[in-house]
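> Next up is a structure, given as structure tokens.
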Amino acid sequence: LSEGESLNYQQNINDVIRVFPKLQTGLDVNVKFKSVRSFEFTGELAVFDLCGVELYHGWLPEPQDVEMHQVVSDLSYNQLVDKSLAQSDSSTDIVQVKNNILCGDFLRQTANQLTYHGLCRLNATITDQQLCVFFRNNHFSTLYKHRERLLLLVTDMGFLNEFGHVWETMEDVSGDANFLGASFEPTHQSHNDTFHPSDPIAAEIAQLDSGQPTISDEELALQLQEDENLQLALQLQEDEHQQQLADQVTVTTTATQHPVHTDERRQNKCVLL
């Protein structure tokens with residue numbers, strides 16, 4: 001390595017060492033909607049660069065919706081959220097207000113963070129037998145392409161006792177999937193199947209299972225996304241309420257400066273709903 005490359009390599013190692021403690025709770029990455037490889041550069045991404053592992057997502061706007069595609073494709077997730085929250089601002093720029101509304105629509109319509117266009121681009125970009133990392137709903141998954149099929153490694157706690165399910169296909173944005181075994185053979189194992197207690201591995205896993213209902217990673221991710229959408233909606237309502245209060249103050253001030261008769265007051269009375 002040259003001196004410059006050596007310094008850059010050492011800097012990457014230092015960044016990764018600082019990131020290691022975060023691996024227990026999750027990395028902070030900011031998706032960009034330009035392509036399935038687009039992420040805002042942060043120190044956390046150095047982990048993937050140093051290990052030579054590609055990071056992908058499938059959250060892209062549909063090209064058929066030309067207007068939304070033009071607005072969203074140049075933004076990052078953080079920018080998109082900021083614009084969505086600003087859609088209730090009293091701006092005189094009609095184009096900006098319309099763009100902000102489109103940003104909010106995109107967030108609502110793609111809450112599962114996977115689109116058909118994103119799925120197509122993943123298939124076209126990832127090569128056969130490539131092992132990579134897939135980011136969706138604040139969750140990192142192992143993604144592998146086998147014979148032109150995208151497969152996700154099964155890690156949900158709901159499949160703790162499902163030894164036959166190793167891979168699940170990613171062929172639809174709705175979450176419908178087929179399960180494959182370790183050798184990529186189809187498995188028809190029931191989700192309620194039990195295992196022989198003499199199996200030491202099954203016994204050890206069963207001992208870890210408290211018997212209480214568990215929530216899968218996918219369900220948890222969807223729940224977190226719903227919570228985030230709820231917070232966004234509450235913020236929009238609060239912004240609208242503040243605007244109504246401001247309008248009420250303006251009406252009250254005008255009425256004070258220009259007294260009117262009783263009948264006129266009834267007609268001009270401002271009622272907040």
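The values are calculated or read from the model by the stated rules, or taken from the named source; none is laboratory data. This one's a predicted model, so the numbers in the text were calculated from it and none came from an experiment. Side chains are part of the model used for accessible areas, which takes the heavy atoms of the whole protein and leaves out ligands, DNA and RNA. Shrake-Rupley method; radii C 1.70, N 1.55, O 1.52, S 1.80 Å.
> Not counting ligands, DNA or RNA, and with a 1.4 Å probe, what is residue 171's accessible surface area in Å² rounded to the nearest 10?
Residue 171 has an accessible surface of roughly 90 Å² with all protein chains in place.
> Excluding same-chain residues fewer than 8 positions from residue 22, which lysines have a Cα within less than 24 Å of its Cα?
32
> May I pose another question? Leaving ligands, DNA and RNA out of it, rank 101, 94, 17 by accessible area with a 1.4 Å probe, largest first.
94, 17, 101
> Here is a further query. When the Karplus curve 6.51 cos²θ - 1.76 cosθ + 1.60 is applied with θ = phi - 60°, which whole-Hz ³J(HN,Hα) does each residue of region 27-34 get, with x for Gly and Pro?
Couplings: 9, 9, 10, 10, 5, 10, 8, 6 Hz.
> Please calculate how many Å² of accessible area region 111-184 carries per residue, with a 1.4 Å probe and no DNA, RNA or ligand atoms counted.
46 Å²
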